[in-house]
Amino acid sequence: MLEYAILGIVQGIFEWLPISSEGVVAVISQFLIKNFQPLEMALFAHLGTFFAVLIYFRKEWFNVLTLKNKILFRFLAIAVIISGIVGFLLYDAIKDMAIGNGLLLVTGLGLLFTAYCHKARKMSEIGLNKLAIVSGILQGLAVIPGLSRSGATIFALSLGKFNPGEILKISYMMSAPAVLAMVVFLSFQNSVLISEGWPVLLFSFLVGFLTLSFLLKIATKINFFKFALIFAIICFLGAGLSFFIQL
């Protein structure tokens, strides 16, 4: 019970940060739980934060599902379909891959570059459909241990016209359909996950909801340059943390 609770707490915190929650949870899972593959448990832990996104953004989901917000519906549909295709094609190939931290450094450099370009007004914004495709591809690639899903999608969304609060909201909403599909897929492969791993879901939901609320409140109070710079620094710290954990 305690081991699963620890994994849930870690997932609830790291899911929203530009640090690979899959990588961190998988590494910790290697030491705490022997019944499941580390990446399998790491992906399963996302179900708790999925419910946090579902409940926190319930009004936005209602508007999307009832087509009151057709623009966001189209954006999410394109991004999720693309990420689903990329993610499922990659999963079997990389599920036993060693955890890496180099991709976090790449994400951090990307966010640092984006922060500089926006401050210097040197970056041209791309259209919504192209932005959805880029965001979907990067979200699908985030099944690779070491590549942060939130970091990758935050970087992609920063190429558009969104403010920091909107970037986080769309990034987190993008994760929900992809996570649900992945967990259903995993559950069919290993039904014991739910019966034994339910504490992971409970704690990742509770901690995830609180952390999500905290980050979104902060995002509304800072400008884009500071937003991207802070998340770039978190990426670099995450890469260092990932390296330290593997020692």
Scanning segment 150-169 residue by residue, those in contact with a helix residue (DSSP H, G or I) (Cβ under 6 Å, 6 or more places away or on another chain) and assigned to a helix (DSSP H, G or I) turn out to be SER150, GLY151, ALA152, THR153, ILE154, PHE155, ALA156, LEU157, PRO164, GLY165, ILE167, LEU168
Any chance you could count how many residues in segment 25-41 are farther than 22 Å from MET173 by Cβ, among the aliphatic types (A, V, I, L, M) and out of contact with any Asp or Glu (no Cβ under 8 Å at 6 or more places or on another chain)? 4
Given VAL143, VAL200, which one is closer than 18 Å to LEU43 by Cα, modelled with pLDDT under 85, among the β-branched types (Val, Ile, Thr) and under 18 Å from the mean Cα position of the chain (by Cα)? VAL143
Note on segment 216-240: residues more than 23 Å from TYR56 (Cβ to Cβ), hydrophobic (A, V, I, L, M, F, W, C) and either in contact with a helix residue (DSSP H, G or I) (Cβ under 6 Å, 6 or more places away or on another chain) or not in a helix (DSSP H, G or I) (or both) are PHE225, LEU229, ALA232, CYS235, PHE236, ALA239
Please verify whether segment 132-139 includes one or more residues that are modelled with pLDDT under 90, in a helix (DSSP H, G or I) and over 16 Å from the mean Cα position of the chain (by Cα). no
Note on segment 42-84: residues outside any helix (DSSP H, G or I) and under 13 Å from ILE170 (Cβ atoms) are PHE57, ASN69
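The values are calculated or read from the model by the stated rules, or taken from the named source; none is laboratory data. The shown structure was predicted, so the numbers you read here are calculated from the model rather than taken from an experiment. All Cβ positions, glycine included, derive from the backbone under ideal geometry; neighbour counts span all protein chains shown.
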